[in-house]
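Data block below; observations after.
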Amino acid sequence: MSLTGNSTLVINLLRDIPKTKRFFSGLLLFSHIRLLSEMATTKGVHVKARSSPYPGSNITRFPVPDNKVAWSVEWNDYDPVDYTAPSVKAGPVWADPDVRENKDHKIKWNAIDGKVNRKSHHGKYQTLDGAPRNPRGRTGIKNRGLLGKWGPNHAADPIVTRWKRDSKGNQITDPTSKKPILQFVAIQRKDSGLWAIPGGMVDAGETVSVTLKREFGEEALNSMGIPEKERKSTEKELSALFKHGYEVYRGYVDDPRNTDNSWMETIAVNFHDEKGKSVGKFNLEGGDDATAAHWTDISSNLSLFASHEDFIHKTALYRKAHWGAAES
């Protein structure tokens with residue numbers, strides 16, 4: 001366009017400023033709404049639940065981009081890989097039958113089904129073709145993978161903490177944040193080698209409080225492998241500590257084992273040994289599903305299994321302990 005043409009355009013726009021303002025205001029509003037929509041679609045999407053290869057296999061998930069995770073986003077080309085681990089197909093007592101093949105087996109979704117809790121911490125989940133749908137969206141794999149239950153697989157994660165102390169028993173603070181350093185009991189998982197919070201599945205008919213204490217004893221103290229007299233003493237100390245806990249989190253877990261039809265949910269509870277004279281003095285030893293256990297300093301540098309870093313961060317905030325980075 002010539003200089004004269006540009007001048008004419010400017011003059012015309014100036015003559016009709018109200019219309020011009022409405023045009024650009026509308027354009028700005030449209031752009032803002034679109035941005036918010038995209039943010040809502042991608043915010044909080046699971047990441048580890050879309051990772052490949054699937055744990056314990058060479059299975060590669062169907063690739064799911066952030067903006068296609070939500071079921072509300074139409075995606076006709078979505079073709080998830082159908083996979084159930086051999087250990088689940090073998091039909092152990094903790095696994096459901098295949099509801100797609102065994103039409104006679106009726107499961108009560110979103111309810112207490114006999115001794116099995118099939119309710120989600122996030123309210124009612126949808127079902128499609130007789131199978132539940134992951135409330136957090138697509139994962140690239142359908143069926144159950146390594147998880148025994150269709151729908152939510154409930155777990156409990158005990159976060160046992162103490163203050164880091166020097167040889168004289170004084171709390172140690174971080175030189176930068178000036179906040180006391182909190183330690184938690186971490187275990188190394190046998191299945192993946194990753195460090196994690198000791199925890200595990202809530203057995204059928206079992207209460208979460210029982211699971212929390214049982215899993216910590218088995219995985220962090222090797223309670224199943226110590227003499228009976230010592231085990232009774234340990235259980236007494238644990239019972240006292242586990243009477244008072246702070247619930248850190250309740251809900252969906254971004255777990256690499258999750259699929260479109262089976263997913264992990266947990267209740268994470270912090271049990272704090274303020275003076276370090278109960279569980280804080282125990283000799284930690286990996287047992288059951290753990291190869292090792294030790295006290296670990298809490299900071300933003302941690303790299304843990306599933307959503308465990310988030311649980312530890314929430315614990316540090318609650319205890320007003322050092323975290324790092326911007327102390328967010």
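The values are calculated or read from the model by the stated rules, or taken from the named source; none is laboratory data. Note that the coordinates shown come from a computational prediction; the quantities given were computed from them, not determined experimentally. Backbone-built Cβ (ideal geometry, glycine too); neighbour counts: all protein chains shown.
To keep it simple, each residue is scored yes or no on (1) in contact with a Ser or Thr (Cβ under 6 Å, 6 or more places away or on another chain); (2) in a strand (DSSP E or B); (3) free of Cβ contacts under 8 Å to residues at least 12 places away in the same chain; (4) surrounded by fewer than 21 Cβ atoms within 10 Å (Cβ to Cβ).
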site	(1), (2), (3), (4)
N258	yes, no, no, no
T266	no, yes, no, no
H294	no, yes, no, yes
S300	no, no, no, yes
A306	no, no, no, no
F311	no, no, no, no
*Report, ordered by the first and then the second residue, all pairs with beta carbons closer than 7 Å, sequence separation of six or more or different chains, a first member in segment 130-152 that is on the phi > 0 side of the Ramachandran plot, and a second member that is small (G, A, S).*
G137/A70; G145/A85; G145/S262; G151/S262
_Looking at D98 and the list (1) surrounded by 12 or more Cβ atoms within 10 Å (Cβ to Cβ); (2) on the phi > 0 side of the Ramachandran plot, which single condition is not satisfied?_
(2)
*Taking only pairs six or more apart or across chains, which ones have beta-carbon atoms under 7 Å, a first residue in segment 162-175 that is of a type in the set (S, T, Y), and a second residue that is modelled with pLDDT of 95 or more?*
T173/K179; T173/P180; T173/I181
